[in-house]
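**Student:** First the structure, which I've put down as structure tokens, then a few questions once you've had a look.
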Amino acid sequence: MKATDISTGLNGKIDESYNIAMNTKVLSTLEYTTIIKRLEDKATSAPGKELCRNLLPMTDISEIERAQQNTADALTRLFKKGSISFGSNANLSFALKSLEIGSSLLPTELLSFAKFLTNVNRVRSYGVREKEEDPADSLDDYFNLLEPAKRAADEIDRCILSEDGDIADDASPTLKSIRRSMKLAYDSIHNELNKMVNGSLRTYLQDAVITMRNDRYCIPVKSEYRGQVSGMIHDQSSTGATVFIEPQQVVELNNKIRELELDEKKEIAVILANLSAMLGEHITELKTDMELMTTLDFVFAKAGLAMDMNGMRPRFNSEHRINIKKGRHPLLDKKKVVPVDVPLGKDYDLLVITGPNTGGKTVTLKTVGLFTLMGQAGLHVPAGDLTELSVFNEVYADIGDEQSIEQSLSTFSSHMKTIVEILKHADENSLCLFDELGAGTDPTEGAALAISILSFLHDRGIRTMATTHYSELKVFALSTPFVENGCCEFNVETLSPTYRLLIGIPGKSNAFAISKKLGLSDEIIEEARKQIDEGSERFEDVITDLENKRVSVERDREAMDAELARMAKEKAQLQAELDKIASTKDRIIREANEEARDILEEAKEFADESIRMIQKTGGVSLKDLEARRTALREGINSKNNKLAIKNEKRAAKGLSAKDLHLGDMVRLVSMGLKGTVSTLPDQKGDLFVQCGIIRTKTNIKDLELVQEETITAPGIKHSSGAGSIKMSKSLSISYECNLIGKTVDEALAILDKYLDDAYLSHMPSVRIVHGKGTGTLRNAVANFLKKCKYVKSYRSGEHGEGDAGVTIVEFK
């Protein structure tokens with residue numbers, strides 16, 4: 001089966017390349033046909049859907065990469081601009097052939113072309129890059145070669161009013177004149193007949209109405225009065241009581257209307273011929289547009305499918321290496337499916353997967369096979385970044401129960417028939433997938449056959465994956481070079497699979513463990529164990545031990561990863577604070593330099609002005625010169641005083657060691673940051689101040705107290721200094737400190753300040769909320785409270801107080 005994939009080269013020509021059909025059986029076995037149905041639903045035109053239906057995997061890596069690039073570029077456009085419809089791209093090949101031979105098209109056909117060309121114009125506009133600097137992509141040539149033939153499309157829309165084929169009066173001056181004459185004739189005949197119906201002939205009529213018979217205007221006359229009305233009889237009623245007569249007075253008018261109707265048909269034919277001829281001038285463009293619109297619909301359908309399943313473009317190689325990362329089967333719920341990592345072809349070319357039923361072995365096989373087919377068809381696959389696939393000429397799969405009653409084939413026989421065909425045709429450019437290889441017969445013989453089949457494929461370097469329950473195949477994988485074991489993880493405690501694929505570890509069927517969990521007696525299980533030879537049991541015990549060690553190592557790795565992530569977060573926060581400090585320091589220096597520059601420039605201007613005045617007045621007395629110099633000095637001193645105003649304020653306050661207390665809010669003048677006093681000044685006046693998560697060393701000379709806002713209330717006498725601060729704290733401090741969500745460093749800084757405030761407010765006890773979590777924050781709080789001098793005791797919360805998630809602190 002061939003599917004044409006039209007591509008446009010840089011030279012603007014249309015080339016054709018064909019997909020190579022793999023064996024059709026594998027397409028249904030691996031559910032590739034289901035993927036194609038979903039792809040077809042994404043196309044918006046009938047030709048685009050047909051192209052999707054015929055899509056097959058390719059084997060030319062350059063064609064695969066080109067198709068993948070098209071899909072990737074279309075996906076990028078969908079994310080940037082949204083979807084685009086190709087719905088008016090119908091199969092107009094028959095109408096196109098009529099145009100080629102010069103025939104006139106019907107109004108509906110012309111209207112279909114007009115809609116198509118309007119759609120072409122819309123698609124072309126969609127393809128225009130919004131900015132010139134936007135990078136070009138593989139779809140630019142498709143969009144640029146579209147020719148909307150806008151003049152022809154607009155003319156058709158102007159002349160044809162609806163899909164019913166109604167032609168507008170303004171389609172031509174002649175048609176407009178004919179229809180005006182027809183209207184006048186209709187009005188005349190109605191006026192004449194109305195006079196008859198409502199006048200002298202009223203008594204002869206069955207009903208006072210005007211009717212049509214044989215496209216002629218008539219009146220219904222009673223049979224007994226037919227002789228009283230002169231004219232032509234066109235019809236009579238079924239009972240014969242009424243005859244329909246065209247009065248002699250309107251025969252001429254009716255004839256004129258018939259003539260005008262014939263003229264109208266002729267003029268409409270002329271209009272349609274002209275429109276067809278105008279459209280015929282663009283036959284080449286129309287053919288190209290139809291091909292390009294079909295191809296673009298097909299490409300954007302692939303992109304839409306990729307968007308739906310969170311697909312990505314896989315890398316391709318020709319070395320038969322597969323490395324799927326976080327792969328998800330596209331037909332399973334993407335919110336529930338567990339991603340798998342599947343490497344094959346680098347360190348080993350044969351992977352034997354073991355494990356319990358419903359553990360995900362078959363899904364893993366199908367995922368690998370389906371990804372290969374989809375990737376080679378130019379479709380994106382639902383996997384993680386850096387996923388790598390290879391190009392195979394054939395993919396063979398023996399999956400599922402193929403028992404055939406009609407052909408008298410058992411399950412084993414049907415599988416073996418398929419395997420024989422695979423072994424007959426498979427080569428080093430093939431990918432072979434076997435589900436439950438050797439099952440359905442005697443286990444000993446089945447295992448022996450499975451090992452022999454796998455050895456046959458392995459010796460020929462054929463990439464192979466097989467699932468099994470046989471322990472013999474596990475031993476074969478352990479003892480054979482370039483063959484690897486894999487297993488689908490199973491949680492015995494919950495009796496459910498985790499669907500994770502583990503490479504390098506053979507799996508267990510867990511039959512005994514599952515049976516015991518489900519209630520089978522120990523006596524029966526022990527009796528069953530005796531039926532297994534000692535070597536097999538030891539082998540299973542080794543597998544169990546390896547699995548336990550793997551789980552332990554994996555947990556340790558997860559804990560280490562979490563700790564590394566926490567450290568990275570704290571490092572980023574610390575770096576942000578350091579950057580802020582550096583930025584603040586640079587700003588202060590820059591502002592000081594700018595202010596100094598302004599002072600110098602003003603001083604220079606003042607001096608220049610004084611010199612000009614001296615030169616202008618000639619001889620100047622010493623008294624005047626001294627006055628100018630004094631004015632100059634005062635101006636400079638004024639600027640210096642403005643620059644030093646902060647230092648004067650600091651000097652006026654003159655902080656000393658006794659003015660500071662633990663937890664006091666202060667400002668680092670040099671950096672413009674606020675913080676709390678973490679330690680009291682030493683003999684040199686040096687101390688530590690906690691600024692957010694940064695603990696910095698500074699000198700008391702660089703500090704100034706920050707007065708907290710005092711709360712006013714009736715009967716409260718306000719004071720200044722520390723007394724005012726304590727009063728404010730006692731009215732605003734909470735009996736609870738919430739540290740949940742904080743890092744240890746952040747939490748201890750907050751706790752230090754909070755305990756100082758609470759102690760200064762004479763609270764008897766407080767409640768520290770730190771949560772349970774891993775216990776890291778709770779232990780840090782406990783260690784801090786041990787060293788706090790004014791803490792009398794502390795304990796974990798009791799039932800109703802928050803249990804181990806809180807700590808109750810009592811002050812001395």
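The values are calculated or read from the model by the stated rules, or taken from the named source; none is laboratory data. As the structure is a computational prediction, the values presented were derived from the model and not from experiment. Positions of Cβ are backbone-derived with ideal geometry, glycine not excepted, and every protein chain shown enters the neighbour counts. These accessible areas exclude ligands, DNA and RNA; they are computed on the full protein's heavy atoms, side chains included. Shrake-Rupley method; radii C 1.70, N 1.55, O 1.52, S 1.80 Å.
**Student:** Which entries of LYS325/LYS361; LYS334/LYS417; LYS49/LYS131; LYS325/LYS346; LYS302/LYS361; LYS658/LYS684 show an alpha-carbon separation above 25 angstrom in the structure shown?
**Tutor:** Distance filter (> 25 Å) returns LYS334/LYS417; LYS49/LYS131; LYS302/LYS361.
**Student:** Taking amide H positions as placed in the peptide plane 1.01 Å from N, state which residues far from PHE86 in sequence (5 or more) or on other chains have amide H under 5 Å from it.
**Tutor:** It is THR44, by chain and number.
**Student:** Taking a point 7 angstrom from the Cα of ARG566 along the C-beta vector, which residues in the stretch 743-771 have backbone N less than 14 Å away?
**Tutor:** Backbone N within reach: 743-748, 771.
**Student:** Run the quick spin-label model on GLU261 and LYS786: label points 7 Å from Cα toward the beta carbon, then report their separation in nm to one decimal.
**Tutor:** 11.0
**Student:** Taking 0.36 nm per intervening residue step and subtracting the Cα-Cα distance, what contour gain separates SER793 from ILE588 on full extension?
**Tutor:** Stretched out fully, the SER793 to ILE588 stretch lengthens by 69.2 nm.
**Student:** Let me ask something additional. Using a 1.4 angstrom probe, figure out how much accessible area the stretch 207-363 has per residue, in square angstrom, rounded to the nearest whole.
**Tutor:** With the other protein chains kept in place, the stretch 207-363 gives 47 Å² per residue.
**Student:** A further question on this structure: If you take the square roots of the eigenvalues of the alpha-carbon gyration tensor of the stretch 330-389 and sort them as a ≥ b ≥ c, do you get rounded (a/c under 1.5), prolate (a/b over b/c) or oblate? If you can, show how the numbers build up before the last one.
**Tutor:** Values: a/c = 1.79, a/b = 1.09, b/c = 1.65.
Oblate shape, in that a/c is at least 1.5 and b/c is the bigger or equal ratio.
**Student:** Moving to a separate point now. Provide the FRET efficiency to the nearest 0.05 for the SER28-ASP154 pair, computing r from the beta carbons and using R0 = 45 Å.
**Tutor:** Once rounded, the FRET efficiency stands at 0.40.
**Student:** Here's a follow-up. Please list LYS265, LYS366 from largest to smallest accessible area, probe radius 1.4 Å, with all protein chains kept in place.
**Tutor:** Most to least solvent-accessible, the answer reads LYS265, LYS366.
**Student:** Accessible surface of ARG695 in the full protein assembly, 1.4 angstrom probe, to the nearest 10 Å²?
**Tutor:** 120
**Student:** Also: Once the other residues with Cβ under 9 Å from the Cβ of ALA171 are scored (Lys, Arg +1; Asp, Glu -1), what is the net sum?
**Tutor:** Numbers: positive: ARG158, LYS176; negative: ASP169, ASP170, GLU267.
Local charge sum for ALA171: -1.
**Student:** Further question on the same structure: Suppose R0 equals 45 Å. What FRET efficiency, 1/(1 + (r/R0)^6) with r the Cβ-Cβ distance, do LYS37 and GLN575 give to the nearest 0.05?
**Tutor:** Efficiency for this residue pair is about 0.30.
**Student:** If you don't mind, another one. Using a probe of 1.4 angstrom, how much of the accessible area of the stretch 304-343 is carbon and sulfur, in percent?
**Tutor:** Solvent-exposed carbon and sulfur of the stretch 304-343 make up 49 percent of the total.
**Student:** Take the alpha-carbon centre of the stretch 440-469, take the same for the stretch 553-591, and report the distance between them in whole Å.
**Tutor:** 54
**Student:** Can you give the accessible area of ASP686 in Å² (nearest 10), computed on protein heavy atoms with a 1.4 Å probe?
**Tutor:** We get 40 Å² for ASP686.
**Student:** If Lys and Arg each add +1 and Asp and Glu each add -1, what is the summed charge of the other residues whose beta carbon sits under 12 Å from the beta carbon of LYS772?
**Tutor:** Summing Lys/Arg as +1 and Asp/Glu as -1 gives 0.
**Student:** Amide H to amide H, which residues 5 or more places from THR387 or on other chains are under 5 Å from it, using H placed in the peptide plane?
**Tutor:** Correct list: ARG315, LYS325.
**Student:** Next question, about the same structure. Highest mean first, what order results for 130-136, 173-179, 222-228 on Cβ atoms within 10 Å?
**Tutor:** Values: 130-136: 7.3, 173-179: 15.7, 222-228: 12.9.
Put in order of decreasing packing, that is 173-179, 222-228, 130-136.
**Student:** Now a separate question. Contour minus end-to-end for ILE61 and ASN274, with contour as 0.36 nm per residue of separation and end-to-end as the Cα-Cα distance?
**Tutor:** 71.8 nm
**Student:** So, one more: Subtract the Cα-Cα distance of SER765 and ALA241 from 0.36 nm times their separation in residues, and report this length gain in nm to one decimal.
**Tutor:** Contour length minus the Cα-Cα distance gives 177.3 nm.
**Student:** Looking at the square roots a ≥ b ≥ c of the eigenvalues of the Cα gyration tensor of the stretch 249-373, which shape do they give, rounded for a/c under 1.5, prolate if a/b is larger than b/c, or oblate?
**Tutor:** The shape class here is prolate.
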